[in-house]
Amino acid sequence: MKMTRRAATAELTTAADGSMMVQLAGELDHDGVVVVEGAVQRAAATAANTVTLDAERVTFVDSAGLRLVLQAQMTASSRGVDFVLARPSDNVVRLLELTGLDDLISTSG
């Protein structure tokens, strides 16, 4: 049985109040992070209020994807901007729990 790889994508939107949301999809592994990190870093570095990473459509995450989320949270926090990991998929929740980061990363949905 051949496994089909789901390429990572990121769609960045900005709300009227300056909050930014990045809708992530696909596999957040080493290759996937390369594709989406620009949008994630831009949101974390420039959002005026809240940075939201919507992870509902993330199908796989490894240490590279986890590093990306942590870096975004640290960047947003250093600027006094709220950070939320919204609607994390079961795969994302499981990795957060296994690594103990579920206590450090704010999630919703």
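Scan the range 82-109 for residues that are part of a helix (DSSP H, G or I) and touching a strand residue (DSSP E or B) at 6+ places or on another chain (Cβ under 8 Å) and jot them down.
Asn91, Val92, Val93, Leu95, Leu96
Which residue pairs have Cβ atoms under 6 Å apart, sit 6 or more places apart or on different chains, and have a first residue in the range 1-15 that is of a type outside the set (Lys, Arg) and a second that is in a loop (DSSP other than H, G, I, E, B) and at pLDDT below 95?
Short answer, once both residue conditions are applied: none.
So, in the range 11-61, exactly how many residues are closer than 20 Å to Ser106 by Cα, buried (at least 19 other Cβ atoms within 10 Å of the Cβ), charged (D, E, K, R) and over 11 Å from the mean Cα position of the chain (by Cα)?
Counting residues in the range 11-61 that are closer than 20 Å to Ser106 by Cα, buried (at least 19 other Cβ atoms within 10 Å of the Cβ), charged (D, E, K, R) and over 11 Å from the mean Cα position of the chain (by Cα) gives 0.
Report every pair of residues separated by at least 6 positions or lying on different chains whose Cβ atoms are under 8 Å apart, first residue within the range 65-80 and under 17 Å from Leu28 (Cβ atoms) and touching a residue at least 24 places away in the same chain (Cβ under 8 Å), second assigned to a helix (DSSP H, G or I) and charged (D, E, K, R).
Leu68/Glu37
Considering the range 54-81 alone, what residues qualify as being under 15 Å from Val36 (Cβ atoms) and outside any helix (DSSP H, G or I)?
Within the range 54-81, Asp54, Ala55, Glu56, Arg57, Val58, Thr59, Phe60, Val61, Asp62 meet the criteria.
The values are calculated or read from the model by the stated rules, or taken from the named source; none is laboratory data. Since we're looking at a predicted model, the values are computed, not measured. With ideal geometry, Cβ positions are generated from the backbone for all residues, glycine too; neighbour counts draw on all protein chains shown.
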